[in-house]
Amino acid sequence: MLNLRQTQQVQKHLADLSVDELTSLFVSGEASPVDAAQAALDRIDTYDQTVNAFVHIDTSTTLEMARASEARYRAGSPLSAIDGVPTSIKDLAPVAGWPLRRGSEALDPYVLVMEDSPPVARLREAGAVFIGKTSTPESGSRIVTRSRVHGVTRNPYALDKTPGGSSGGAAAALATGMGTLALGTDGAGSIRIPAAFCNLVGLKPGFGRVPSFPPSIFMPHSVTGPMARSVADVAAMIEVMAGQEPRDPYAWPVPYAPQKREEWSVAGLRIAFTKSLGTRSHADEATSNALQFAANLLADAGAHVEEADPEWPLDPFDPFIVFWEATYAGFLDTYPADIAAKMDPLIQEIAARGRQIDVLAYHRALSERLQIAAATKSFFSRFDAVLAPVMPTPAFDLDAEAPPGESPDDWRWCPYTYVFNMTGEPALSVPAGFTGDGLPIGLQIAGPMGTEERLLEIGAALEEKLRLFERRLPILGAG
């Protein structure tokens with residue numbers, strides 16, 4: 001006989017359930033991984049023509065993976081806590097048997113990848129059911145999600161707004177129930193920004209926590225991480241993705257071994273909160289109010305909370321833009337000239353500037369990055385974590401590259417995310433509220449290297465009080 005909790009789960013749409021809710025139904029036999037996969041595919045049929053989140057769907061492979069998972073549950077031998085859970089993969093991550101377009105017209109859609117990237121391999125080994133590949137701006141080069149390959153991806157909370165970038169397809173898919181989990185990448189905020197704009201949770205792991213191979217020119221700034229609708233779902237996903245990879249020279253030698261979620265607590269933690277993160281940028285009133293409210297909630301939960309800013313020795317944007325432009329120059333030069341010429345004009349412009357950076361300027365940026373990393377470590381010697389905005393504003397207009405009055409080439413207007421890509425520390429985006437016109441607001445929780453679980457603890461404490469994952473997306477209707 002089903003207990004009350006399971007009965008309530010059956011009454012909810014499978015596409016909206018959490019990992020724990022789904023897998024408990026798989027174990028009881030009240031629903032199967034095939035049912036969950038079909039529910040996600042049905043959502044894609046209904047909503048993807050509106051939000052444009054997916055660039056590749058392979059229904060036969062999805063259902064084959066789901067049937068294999070169903071058989072494991074029937075045998076009482078699921079592979080992991082996410083076995084059978086519908087999962088999307090951002091189209092910057094290689095998936096064996098699927099194309100890798102990277103949002104680019106220059107890459108052949110008929111060339112299939114031969115090997116999973118390590119995070120994808122770990123998900124496959126855990127029994128996750130791959131739903132499809134999600135949209136990205138070409139090679140993750142924008143703070144919004146549009147490309148000449150797939151067009152524009154829309155924010156499900158307001159179709160005239162951007163979902164952010166570059167993991168905007170992953171975010172739009174999650175928000176509409178087109179998958180329970182999503183794999184994203186983050187080189188300057190590309191997981192955290194879409195999570196903040198779409199009422200989701202997204203974790204940028206510390207560098208090396210989630211293995212990668214082959215080595216990428218975008219390392220060490222860019223990492224692969226989990227996105228979901230709740231902290232618990234992200235926690236389940238990172239535990240799988242952080243598996244070992246002997247070929248990655250930067251992979252952590254110490255296994256990721258979190259404690260039981262029932263033991264999570266913020267009592268006694270030293271948490272700073274900041275409206276500017278030590279920069280000249282200040283968040284708007286709605287974001288600032290959400291930040292103050294969240295700080296108060298953490299204090300009520302037993303944390304020691306105080307307002308404090310990191311003291312940067314220089315503007316973090318100065319070295320960041322050197323790495324950003326030089327990396328895209330190096331990336332473009334890895335392709336033959338005829339293929340490189342077909343890539344997005346924005347990448348061509350970034351790369352052209354990058355080629356003008358001389359070796360002394362690059363080495364100066366390396367030194368400056370070390371100074372910023374040292375300042376961050378000094379700050380975290382006083383605090384266990386910092387609570388800050390993800391973005392200074394909610395989602396902006398769909399046809400823009402930045403909010404009104406801001407330049408997409410000068411990231412000083414949104415300086416809260418990329419600093420942690422330079423220093424390597426983990427950072428988590430969590431829902432924190434909504435504006436008066438219904439746009440999501442996200443906050444960032446960052447901490448020292450190796451503290452992903454602590455950030456999840458803090459995020460869970462906020463989530464438990466705010467319960468924003470329960471807010472139903474307007475386009476899904478009242479059912």
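The values are calculated or read from the model by the stated rules, or taken from the named source; none is laboratory data. Everything numeric here is computed off the predicted structure, so don't read it as measured data. In this analysis, Cβ positions are derived from the backbone assuming ideal geometry, glycine residues included, and neighbour counts consider all displayed protein chains.
Observations on the model:
- Residue within the range 111-120 that is surrounded by fewer than 19 Cβ atoms within 10 Å (Cβ to Cβ), closer than 30 Å to Leu346 by Cα and not hydrophobic (A, V, I, L, M, F, W, C) present: yes
- Test: residue in the range 127-143 that is closer than 19 Å to Ala188 by Cβ and in contact with a Pro (Cβ under 8 Å, 6 or more places away or on another chain): yes
Each row is one residue, and each column tells you yes or no for (1) over 21 Å from Ala106 (Cα atoms); (2) of a type in the set (Asp, Glu).
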position	(1), (2)
Asp309	yes, yes
Trp312	yes, no
Ile321	yes, no
Phe331	no, no
Thr334	no, no
Asp338	no, yes
Gln348	no, no
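- Where helices (runs of 4 or more DSSP H) sit wholly within the range 7-84, those with at least 1 residues that are within 20 Å of Val95 (Cβ to Cβ) and touching an Asp or Glu at 6+ places or on another chain (Cβ under 8 Å) occupy 33-51, 59-74.
- Residues of the range 228-258 that turn out to be closer than 17 Å to Asp20 by Cβ and buried (at least 18 other Cβ atoms within 10 Å of the Cβ), as a count: 13
- Considering residues of the range 256-273 that are among the basic types (Lys, Arg) and not in a loop (DSSP other than H, G, I, E, B) only, the residue nearest to Asp384 (Cα to Cα): Arg270
- Of the candidates Pro392, Pro415, Pro448, Pro431, the single residue that is in contact with a Cys (Cβ under 7 Å, 6 or more places away or on another chain) and modelled with pLDDT of 95 or more is Pro392.
- Pro431 being assigned to a loop (DSSP other than H, G, I, E, B), touching a helix residue (DSSP H, G or I) at 6+ places or on another chain (Cβ under 7 Å) and in contact (Cβ under 8 Å) with a residue 12 or more places away in the chain: no
- Considering the range 96-148, and only residues there that are charged (D, E, K, R) and in a loop (DSSP other than H, G, I, E, B), the residue that is farthest from the chain's Cα centre (by Cα) turns out to be Asp108.
- Some residue of the range 352-365 being crowded, with 19+ Cβ neighbours inside 10 Å and under 25 Å from the mean Cα position of the chain (by Cα): no
- Among the residues listed as Glu239, Glu245, the single one being touching a residue at least 60 places away in the same chain (Cβ under 8 Å), assigned to a helix (DSSP H, G or I) and over 11 Å from the mean Cα position of the chain (by Cα): Glu239
- Considering residues of the range 349-377 that are hydroxyl-bearing (Ser, Thr, Tyr) and in contact (Cβ under 8 Å) with a residue 12 or more places away in the chain only, the residue farthest from Glu306 (Cα to Cα): Tyr362
- Residue that is farthest from Ala267 (Cα to Cα) [pool: residues in the range 360-411 that are among the aromatic types (Phe, Trp, Tyr) and part of a loop (DSSP other than H, G, I, E, B)]: Phe396
- Count of residues meeting criterion [crowded, with 20+ Cβ neighbours inside 10 Å and either small (Gly, Ala, Ser) or in contact with a strand residue (DSSP E or B) (Cβ under 9 Å, 6 or more places away or on another chain) (or both)] in the range 58-73: 4
- Considering the conditions (1) touching a helix residue (DSSP H, G or I) at 6+ places or on another chain (Cβ under 8 Å); (2) under 25 Å from Pro215 (Cβ atoms); (3) not hydrophobic (A, V, I, L, M, F, W, C), Pro118 is excluded by exactly one of them, (1).
- Breaking point among (1) surrounded by fewer than 23 Cβ atoms within 10 Å (Cβ to Cβ); (2) at negative phi, for Ala53: (1)
- Contact map, the range 59-87: residues that are over 17 Å from Ala121 (Cβ atoms) paired with residues that are in a helix (DSSP H, G or I) and of a type in the set (D, E, K, R), Cβ distance under 6 Å, separation 6+ or inter-chain. Pairs shown: Pro78/Arg72.
- Scan of the range 424-457 for residues that are surrounded by fewer than 24 Cβ atoms within 10 Å (Cβ to Cβ) and within 27 Å of Leu314 (Cα to Cα), ordered by number: Gly424, Pro448, Met449, Gly450, Thr451
- Selected residue [polar (S, T, N, Q) and at pLDDT below 95] from Ser265, Ser276, Ser281: Ser281
- Verdict on Glu306 being in contact with a strand residue (DSSP E or B) (Cβ under 7 Å, 6 or more places away or on another chain) and charged (D, E, K, R): yes
- Checked against (1) part of a helix (DSSP H, G or I); (2) in contact with a helix residue (DSSP H, G or I) (Cβ under 7 Å, 6 or more places away or on another chain), Ile357 meets all criteria but (1).
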